[in-house]
1. Does segment 117-138 contain at least one residue that is surrounded by fewer than 14 Cβ atoms within 10 Å (Cβ to Cβ), outside any strand (DSSP E or B) and more than 18 Å from the chain's Cα centre (by Cα)?
2. List every residue pair whose Cβ atoms lie under 6 Å apart, where the two residues are 6 or more positions apart in sequence or sit on different chains, the first residue falls within segment 107-132 and is free of Cβ contacts under 8 Å to residues at least 12 places away in the same chain, and the second residue, located anywhere, is of a type in the set (F, W, Y) and outside any loop (DSSP other than H, G, I, E, B).
3. So which of F18, F11, F23, F48 is closer than 16 Å to V124 by Cβ, modelled with pLDDT under 95 and either aromatic (F, W, Y) or in contact with a helix residue (DSSP H, G or I) (Cβ under 8 Å, 6 or more places away or on another chain) (or both)?
4. Mind checking whether some residue in segment 93-104 is within 11 Å of the chain's Cα centre (by Cα) and touching a residue at least 40 places away in the same chain (Cβ under 8 Å)?
5. Cβ-Cβ below 9 Å, separation at least six or inter-chain, first residue in segment 26-47 and among the small types (G, A, S), second part of a helix (DSSP H, G or I): which pairs?
6. How many of the residues in segment 48-63 are in contact with a Lys or Arg (Cβ under 9 Å, 6 or more places away or on another chain), assigned to a loop (DSSP other than H, G, I, E, B) and surrounded by 11 or more Cβ atoms within 10 Å (Cβ to Cβ)?
7. Starting from segment 52-67, take each residue that is aromatic (F, W, Y) and list its partners that are modelled with pLDDT of 95 or more and outside any loop (DSSP other than H, G, I, E, B), counting only C-beta distances under 7 angstrom and pairs at least six apart or across chains.
8. If E45 meets every condition in (1) of a type in the set (D, E); (2) over 15 Å from the mean Cα position of the chain (by Cα); (3) surrounded by 14 or more Cβ atoms within 10 Å (Cβ to Cβ) apart from one, which number is that one?
Amino acid sequence: MKKIIIGLAIFLTTGNAFSQNSFTLEIVGHRKHVGKIYISIFNNEQSFEERKIYDSVLANSVADTLNLPLILKSGEYLFSIYQDINNNGELDTNLLGIPREPFGFSNYSCRSAPGDFSRHKILVNETTKKIQLHLYRL
């Protein structure tokens, strides 16, 4: 009986790490009715550095503010976003690598160069209701 209780306690406490969390991803600052919006989700520093996307979302720019429902496991995530104005399927940049199309990251204000995973990560858990992403144009 003691083993069953201990096993049940371990199951219940570790189940939180695998729980699914439903929230809204709010996108602002895009050009309405122009191109598609690509959102890449990275779940750790290594995946971000190696550009190995954990999950992705594609949205049409049909409203001034887009609200996309998402479901993710509890954890830390980095959201990378750009609007493909010319519909070529990639983020266009100049010779220096500076984006020519609207782009953004989670926890990014466009006041400095983008940083690493630890700078832009967001904690997703059962209390997460909305994450807002801004698109910036340089």
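The values are calculated or read from the model by the stated rules, or taken from the named source; none is laboratory data. A quick note: this is a predicted structure, and the numbers were derived from the prediction, not measured. Virtual Cβ from ideal backbone geometry, glycine too; neighbours counted across all protein chains shown.
1. Yes, segment 117-138 contains a residue that is surrounded by fewer than 14 Cβ atoms within 10 Å (Cβ to Cβ), outside any strand (DSSP E or B) and more than 18 Å from the chain's Cα centre (by Cα).
2. P114/F105
3. Among F18, F11, F23, F48, only F18 is closer than 16 Å to V124 by Cβ, modelled with pLDDT under 95 and either aromatic (F, W, Y) or in contact with a helix residue (DSSP H, G or I) (Cβ under 8 Å, 6 or more places away or on another chain) (or both).
4. Yes, segment 93-104 has at least one match.
5. Taking only residues 6 or more apart or on different chains, the pairs are S47/F117.
6. 2
7. That search, which allows pairs on different chains as well, returns Y54/I41; Y54/F42; Y54/S47.
8. It is condition (2) that E45 fails.
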